[in-house]
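Here is the structure we will look at, set down as structure tokens.
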């Protein structure tokens, strides 16, 4: 690793670790930011690198949310009784039970969505282009409606996740716990995605994006790589969902868990805003988007979705390649692209 | 890469500076103001009811401020509310509650609209020990969790339509009835359903159709087709404003004949105005009606509230507005009795609330629900082309007799 990179990364890590103390009042927003970055970064693996625009990653996010909460409750108490009539019977987790539960829950929330992604991917990753996008869009919507009918996880009543243990009196502890959990997931996801960026795997994903038939003709088993790529995304989406479920404290089937209309669209939007197909693009996109949303939305009460619509239009028209793509076009030399001035001029003259 | 890294670092530090400069939060009581916080649905599926709620809050704030404000420690304070739009989304509501408390320094909260959103906010207010008086979260499960800082001025959701089943049985000569029901898949409507299940069990009635309706509700033709085929004695529908509107629209389009139709949210949907004669005979559960004889010194009677509200906002107040206004009366009363801004003292004062408002009597049970006020049922009745809601139950308040059964569509003009 180069020295400058080292400075950058250690700086970011220190900032990340210090953030909840520096901006104590913003812990929840910071946790959201970490989760949004994870979602955008992993969506970018499909949408950006592989060229498969998935609207279905919200499925894994919601699945992770329900799984974490269910495991956390189910490990110690009968789940059906917990959710029956919306938590009529109240059980209380001890401190140890709470953390054991959420730990195991998050593990399950990572593995099962990854397996589900494998199974669904096997079935539908043969679809290409719009067909794949529409199919995945349906997945998220269907999951929401199905979850809204399953009694054991609360159905339409919603699922109240276990409250943070009352024995921990510090009211800041909950915020810190969720922030650091999400920060760890963010760091893990970043390391993993960065590793992928330096590997042959990324080149294969790019080959699939640029010309899938040719890639196949070259002897690459594209299906295998497509499925693995989706499983990686699902793994981290599940973790992100699990954290969010605990943080929000209340899971609703269509509005919180399988929230395709918001989270599902946001993750795509953030990746495109920053520049899909780049390592830093989704991160910058998510950060900007989150600040835009938190900072501006309260000033335009009731009109924020109109503003969001305008933002989408602006991005699509003026920054079709995202901020990173725009910068790259403007300052190609900063991205390590060498431009031969003579050659460029001669091309212009030819026209 | 290095250049991008530099750019990124610049960006991050800019953001850090910006954030650090706005971290300073303002206190809850300042310059003679008591600042309350509320996340309200201004957009999304609950937007119409969210606005009813907000109008109710604003009306009460204006009135209380004009009539001398809140007197604490010999000084007069005025109410002020910080609103955020929760987009009818529980996730957003929970986040905004956190923001109101942590960043805006709000120490007292008013509830959002709907049970689902209240369920999402209550754990947050509970965590920070922030007293919340809510007027629009009726789900029974809110009051069984042992929340200490949650107070609801309304009756729990399971009580909404239980009385309607009793009425149906009574009209059937005391014999059990056949019930068809369709409920939206959300916390509130599912609780109304639980109430019906209890009532059915109690009266030995049979539920022959038990459908779920989606949240973005605009079609229930499948349920109505079944109703046409099975001929139940009573049809129960609950799905907030959209549920009420959809039900009336499609029942009249499909000419579904059913002897009794019981619903929720008729007045919030302005049913008698929007659908006129088509909505006649619909039986509706309501927390409040202007003809009830409750009184207080701020709004006078229900009729006066109705008049003042119409003047201010241009439409008749649905019960969502009335109960929201009542929430502020409760807060004012509690502040004055506590004579302090200590949160726990205010909380204890809220707990001991026992008062009458134009909206009804208010006294909180152990779970925080209002136990002093019964639900009422009204029926839409028309004279010529103008339709009105007439109270038919309980008998103490009834202004009209309950009309049963609903005439067949072929006989209706």
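Please treat every number below as a calculation from the coordinates, not as lab data. All figures in this text were calculated on a predicted structure; none of them were measured in a lab. Here Cβ is always computed from backbone atoms with ideal geometry, including for glycine, and neighbour counts include all displayed protein chains.
Structure above, values below:
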item: Choice from A:166, A:234, A:133 showing the highest fluctuation, given a GNM over chain A with Cα pairs closer than 10 Å; result: A:166
item: Footprinting exposure proxy for A:331, A:52, B:147 (fewest neighbouring C-beta atoms within 10 Å first); result: A:331, B:147, A:52
item: Mean projected area in nm² (Cα convex hull; one quarter of hull surface) for region A:28-320; result: 15.5 nm²
item: Packing-based ranking, highest mean first, of B:193-200, B:397-404, B:303-310 given that Cβ atoms within 10 Å are counted; result: B:193-200, B:303-310, B:397-404
item: Max mean-square fluctuation residue, GNM over chain B, Cα-Cα springs under 10 Å, options B:361, B:291, B:55; result: B:291
item: Rh (Kirkwood; distinct C-alpha pairs) - region A:110-152, Å; result: 11.6 Å
item: Length-normalised contact order for chain B - Cα pairs under 8 Å, 6+ apart - percent; result: 16 percent
item: Cα shape, region B:168-278, gyration tensor, a/c 1.5 rule; result: prolate
item: For residues of A:168-174, the mean tally of beta carbons on other chains within 10 Å; result: 1
item: Gaussian network model of chain B, springs between alpha carbon atoms under 10 Å - residue of B:367, B:137, B:204 with greatest fluctuation; result: B:204
item: Residue order, fewest to most beta carbons within 10 Å, for B:233, B:296; result: B:296, B:233
item: Share, in percent, of DSSP beta bridges within the protein assembly as shown that are antiparallel, nearest 5; result: 45 percent
item: 10 Å Cβ neighbours from other chains, averaged over peptide A:247-260; result: 6
item: Gap separating the Cα centres of region B:354-399 and region B:74-114, nearest whole Å; result: 28 Å
item: With Cα atoms, 0 to 90° folded angle of helix B:302-313 axis to chain B main axis; result: 60 degrees
item: Cα gyration tensor shape for region A:135-234, rounded if a/c is under 1.5, else prolate or oblate; result: oblate
item: Ellipticity estimate at 222 nm from DSSP helix runs (n ≥ 4, -39,500 (n - 2.57)) divided over chain B, nearest 500; result: -12500 deg cm²/dmol
item: Alpha carbon centroid spacing (whole Å) that separates region A:5-34 from region B:228-245; result: 52 Å
item: Principal semi-axes in Å for region A:1-149 [√(5λ), Cα gyration tensor, largest first]; result: 30, 28, 13
item: Alpha carbon centroid spacing (whole Å) that separates region B:171-211 from region A:116-171; result: 30 Å
item: Computed over region A:222-292, Cα set: Rg, Dmax in Å; result: 13.8, 40
item: Estimated [θ] at 222 nm from DSSP helical runs (n ≥ 4, -39500 (n - 2.57)) normalised by residues in chain A, nearest 500; result: -22500 deg cm²/dmol
item: Expected-Rg normalisation [2.2 N^0.38 Å, Cα atoms] applied to region B:325-402; result: 1.52
item: Inter-site label distance for residue A:288 and residue B:385 at 7 Å from Cα along Cβ, in nm; result: 5.6 nm
item: Radius ratio Rg over Rh of region B:213-334, counting only Cα atoms, Kirkwood formula for Rh; result: 1.06
item: Debye equation applied to the C-alpha atoms of the protein assembly as shown, log10 I(q)/I(0) at 0.06, 0.09, 0.10 Å⁻¹; result: -0.41, -0.87, -1.04
item: Exercise: per-residue mean of other protein chain Cβ atoms within 10 Å, B:86-99; result: 6
item: Rg/Rg_globular for region A:243-351, with Rg_globular taken as 2.2 N^0.38 Å and Rg from C-alpha atoms; result: 1.45
item: Chain A, relative contact order [Cα under 8 Å, separation at least 6], %; result: 29 percent
item: Region B:323-404 - percent relative contact order, Cα under 8 Å, separation 6 or more; result: 15 percent
item: Proxy reagent accessibility, fewest Cβ within 10 Å first, across B:343, B:412; result: B:412, B:343
item: Cβ-derived FRET efficiency at R0 25 Å, residue B:400 paired with residue B:230, nearest 0.05; result: 0.25
item: Debye log10 I(q)/I(0) for chain B, one point scatterer per Cα, at q = 0.06, 0.08, 0.09 Å⁻¹; result: -0.27, -0.45, -0.56
